[in-house]
Amino acid sequence: MRRKVTRFQSKKYKFEAQRPFEVMKNIALRDNKYFLQVKVTNLNPNKIFPMQFSFLMQTPQLYDLTDLNENLFDSSAVFNTDEIRSFIFILTPKDPNHVINKYKSEKLG
């Protein structure tokens, strides 16, 4: 009978792995619409030049997405270290008869 042998391998890196961004979200429900506020903090020690931030929905067939941040980025947009940017999205049901239940959890994105 053969014995089962388990081997472990670990790697150590000479640099510290960090997340480049911290993301906080706030969701409000008003007039049968979701108002989604996303706050993004730059944790990177360097400046970042973002081209866009986009919200990808898990159920795009159920909701219309209104992006209120369309003209926020231009060629001179700079995201400095420890700077916080706020982005706002509005999700409206495509079916006008659909009433959002605020007690039911839904996956938005």
Check: Length gain on complete extension for the stretch residue 55 to residue 29, per 0.36 nm per residue less the alpha carbon to alpha carbon distance?
Finding: 7.6 nm
Next item on the list: Return the distance in nm (one decimal) between the two label points of a simple spin-label model at residue 44 and residue 67, each offset 7 Å from Cα along Cα→Cβ.
Entry: 1.9 nm
Next item on the list: Please sort 48-56, 82-90, 33-41 by packing, taking for each peptide the average over its residues of neighbouring beta carbons within 10 angstrom, highest first.
Entry: 33-41, 82-90, 48-56
Next item on the list: From zero up to wherever the largest Cα-Cα distance of the range 1-60 sits, split into 10 Å bins and tell me the percent of pairs in each.
Entry: 13, 28, 21, 17, 12, 8, 1
Notebook entry, point to check: Normalised by the residues of the range 21-93, what does the relative contact order come to in percent, with Cα pairs under 8 Å and at least six apart?
Noted result: 43 percent
Check: For the range 21-93, what is the Kirkwood hydrodynamic radius in Å, using each pair of distinct C-alpha atoms?
Finding: 13.5 Å
Next item on the list: Please name whichever of 55, 32, 88 sits farthest to the positive end of the charge dipole of the range 21-93, dipole taken about the Cα centre and charges placed at Cβ: Lys and Arg +1, Asp and Glu -1.
Entry: 32
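Expected output is a single nm value to one decimal: the length gained when fully extending between residue 94 and residue 82, i.e. 0.36 nm times separation in residues minus the C-alpha distance. What is it? Don't skip to the end; give the middle numbers.
Details: separation 12, 0.36 × 12 = 4.32 nm, distance 3.75 nm.
Using 0.36 nm per residue and subtracting the Cα-Cα distance, I get 0.6 nm.
No lab work stands behind these numbers, since they all come straight from the coordinates. Model, not experiment: these values are computed from the prediction. When we count neighbours, we look across all protein chains shown, and the Cβ atoms used for this are built from the backbone with ideal geometry, even at glycine.
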